[in-house]
Amino acid sequence: MRSLPGRCHELLYNRAGQLSLDLVHPFRLIFEPANIPIPRKADGGIDWKKVTAVVIIL
């Protein structure tokens with residue numbers, strides 16, 4: 001996902017666990033994993049390579 005156009009990046013603070021994808025300024029698409037349970041890496045972060053579905057938040 002990070003190599004796609006649109007500056008895809010993980011969000012912080014109250015949106016931790018969500019990603020943002022830039023659209024036409026000033027709009028962006030915010031989404032999060034829909035997997036249950038959410039796949040995690042050893043460090044506790046989300047393992048986005050194992051995410052198979054997302055929910056669009058905004």
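The values are calculated or read from the model by the stated rules, or taken from the named source; none is laboratory data. Note that the structure is predicted; figures quoted are calculated from it, not measured. All Cβ positions, even for glycine, are placed from backbone atoms using ideal geometry, and neighbour counts span all protein chains on display.
Would you check if LEU58 is touching a residue at least 12 places away in the same chain (Cβ under 8 Å) and part of a loop (DSSP other than H, G, I, E, B)?
yes
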Can you report the number of residues in the range 4-42 which are small (Gly, Ala, Ser) and either in a helix (DSSP H, G or I) or over 13 Å from the mean Cα position of the chain (by Cα) (or both)? 1
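Evaluate the range 7-17: report whether one residue or more is among the aromatic types (Phe, Trp, Tyr), surrounded by fewer than 10 Cβ atoms within 10 Å (Cβ to Cβ) and at pLDDT 95 or above.
Going through the range 7-17, the residues among the aromatic types (Phe, Trp, Tyr) turn out to be 13.
Filter again for surrounded by fewer than 10 Cβ atoms within 10 Å (Cβ to Cβ), leaving 13.
Restricting the remaining residues to those that are at pLDDT 95 or above gives 13.
Taking every residue of the range 7-17 in turn, at least one turns out to be among the aromatic types (Phe, Trp, Tyr), surrounded by fewer than 10 Cβ atoms within 10 Å (Cβ to Cβ) and at pLDDT 95 or above.
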Sort through GLY6, GLY44, GLY17 and tell me the only one that's among the small types (Gly, Ala, Ser) and in contact (Cβ under 8 Å) with a residue 24 or more places away in the chain. GLY17
